[in-house]
Amino acid sequence: MAAHRYWSARAFAPAAGRSIALSEFHLFAGGARVDGAATLTAAVAPAAGSLADLRDDVLATSARWPSAQDVNLLWDFGVGGAVDVDGVRVGSGSTGRAEFPVFCSVWFSDDAVTWTQQAVWAGDYPGARVKIAGHFGWHPNDIAVVAQLPFVGANGSAAFSDDVAGNVWTPAGGAQIKTDQFKWGNSAGYFNGTTDYLAMPSQGSLNLGTGDFCIEVWFRVGALTNHYGTLLANGTPTFGTNSRFLMVYGNAGPVVASRGKIGWGGDGSSLGNPALLSTTLVTVGAWYRVKVMRIGVNALMFVNDVLEATVNLGLGGASDFGVSGTRVGNNGWDGAAGFFQGHIGELRITRGVGEPGDIPGYVRHPVPKKTALAQALQPEGRLMSQLYTGAYTGLRLAAAPILIRGDFLTGVLGKGNGRIRGFTLDYVNPLNKPYRCRVVLMREAGNLVVREQWSKADGSYDFQYIDELQSYSVVAYYEAHGKRAVVTDGLTLANGKVELLP
C-alpha cells in the first residue's frame, strides 16, 4: 500500500438520531499512530468543542456536530509528507450511544481533488469516554469469501482457523503460528521449507470455475533455496493442465526467467512458465502482498498494489483449487522442491467477484460469521442503525431502526446486487486504445453520484454492489484531453447494461 498526503474520514452514521460526538479520532499504520504530523481541518467546525480535542488523547474533551453529514475530517501531511493508514481509533464522548458513530468511511488523495475510498470503519459503542479500534477493512466482497486464513493465535499454536468459510485446515510437519514476524496483528503462519504445510480435503466452493475470483496473500520469504515456494496449490498428486498454483520461485529453479519472482499458474501454463509472472524480484525478509484475480476474460496480478502481469483467458481457463484438496506451503507434486520457507500473514479467496486493482490499502480482513443472514444484508449497507453495530456475531434487533441509510450508497429500490462494468477507450488516434480515466457512476434519479474510480491500465472499470433497479449514467473524464467527458446513459437492468452479481 502506498503512502498518501491527504486522508479523510467522512460518511459518519450515528447509532441513532443525527448528531455525532467524538472524544478522539486517530490514524494508525502498523500499530503506531501516524496523524501527529498532519494538519487536521473539517468541512464544518464542531458546534461544541474543537478539532484539537480529537488529537489530544484526552477522553474528557470532545467535539460534537448536530448533523452527521457535517462531519468531514481532513488530514494534510504537507508538501513532501505522506503516510499509509491501515486503521483508526475512535473515542466516544459522554453523550451516550446515540451520538457514537457505528460507521464511517476513510479515503485518501494525493491532490485533495481526486479521492479514493480506502476502507470503511465499523465499531460498537464502547461506553462513555472510551477509545476503541473497531473494525477497519470491510469490503462488499467479504460475503463472497470461500477461504480465509488469518493466522491468528498464540506462539507455537498448530490451530489454523477459517471462521469465515468454515473450512478445516490440517497442519503437517511443524506448521504453526509464530509471533516473531507479522504484518497485521501479532502473528503469522510459519513454514520451515522442508516438512510444513496445510491441507484441506476436496471442497466444491474452491472450484472457482471460469467466473471472477480474487486470491490475496501477504507473505515474507525466509529463504529462496527451494525450486518452488508454494503459497497456494490444489492437491493434485501429479502436475498437469488442471493444476493451479501460486508460488514464489527459488533462485535455483529450473527456469531462469522465473527465479526470485511470483507466479500464478494453470489454464494450460507449465510449472516453470506460469500464466502470470511478476516483475518484482522477491527479497528475503521483506513482506509482500500479492493479489491474483480474474475479471471477465482477463487474469491479473498485483504486487504491493501495482499491476505487474495480465493474461487473456478467453471464455475458458477454469480454476479449480478444490478438485483434489487444497494446500498451503507445499504443492504436493514436487516433494522437497515445492515447500515454502517463511511467514504467511493472511490468505483470502473470494469466488464470483474479482477485486479491481484500485481497491487500496489491504488490511487484515475482519472475520464475520458467514451465514445466510450475513449474506442477506446489503453489502455496503450492513450498518443500518441499530440493525447492525459491530463485528457480525448474529443479527441484533435490540430496537426498531431509527436511521436507515439504505440510499446512502446503493439506493433503496433493490437488493444492492447490481453491477456495471466496461472499458474506457481513447477517441483520438490511435482509436480504441485503452485509456485510463476517472470514471463516475451517477444515479439518474436526482443525479446522485454513487461511486467513483479510475479505470485500469487496460481501460476496465467495474462498479459492484449497486442498486440493480435504478437507471444510471457513466461519465468518463479524459484528463489528458482537458477532462473532455464521455457520457454513457440509460444503463438499466432491462437493457442488460446493469448485471446481477452471482
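The values are calculated or read from the model by the stated rules, or taken from the named source; none is laboratory data. All of these numbers come straight from a predicted model, not from anything done at the bench. Heads up, the Cβs are rebuilt from the backbone with ideal geometry, glycines too, and the neighbour counts pull from every protein chain shown. With ligands, DNA and RNA removed, areas are computed over all heavy atoms of the protein, side chains included. Shrake-Rupley method; radii C 1.70, N 1.55, O 1.52, S 1.80 Å.
Summary of computed values
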quantity: Residues of region 270-325 classified as under 27 Å from PHE182 (Cα atoms), in a loop (DSSP other than H, G, I, E, B) and either touching a strand residue (DSSP E or B) at 6+ places or on another chain (Cβ under 6 Å) or of a type in the set (Val, Ile, Thr) (or both), total; calculated: 8
quantity: Number of positions in region 408-436 that are β-branched (Val, Ile, Thr), open to solvent by 20 Å² or more (accessible area, probe 1.4 Å) and touching a Gly at 6+ places or on another chain (Cβ under 8 Å); calculated: 1
quantity: Restricting region 46-91 to residues that are among the aromatic types (Phe, Trp, Tyr) and within 23 Å of ALA32 (Cβ to Cβ), the residue that is farthest from the chain's Cα centre (by Cα); calculated: PHE77
quantity: Verdict on SER94 being of a type in the set (S, T, N, Q), buried (at least 18 other Cβ atoms within 10 Å of the Cβ) and at pLDDT 90 or above; calculated: no
quantity: Output for region 154-193, where each listed residue is farther than 16 Å from LEU232 by Cα, among the β-branched types (Val, Ile, Thr) and in a loop (DSSP other than H, G, I, E, B); calculated: VAL164, THR179
quantity: Search result, residues across region 424-453 that are at pLDDT below 90 and of a type in the set (A, V, I, L, M, F, W, C); calculated: LEU425, VAL428, LEU431, CYS437, ALA445, LEU448, VAL449, VAL450
quantity: Pick from region 442-452, criterion of a type outside the set (A, V, I, L, M, F, W, C), surrounded by fewer than 19 Cβ atoms within 10 Å (Cβ to Cβ) and without any contact (Cβ under 8 Å) to a residue 40 or more places away in the chain, ranking: nearest to ALA480 (Cα to Cα); calculated: ASN447
quantity: Condition met for VAL439 (out of contact with any helix residue (DSSP H, G or I) (no Cβ under 6 Å at 6 or more places or on another chain), open to solvent by 40 Å² or more (accessible area, probe 1.4 Å) and not in a loop (DSSP other than H, G, I, E, B)); calculated: no
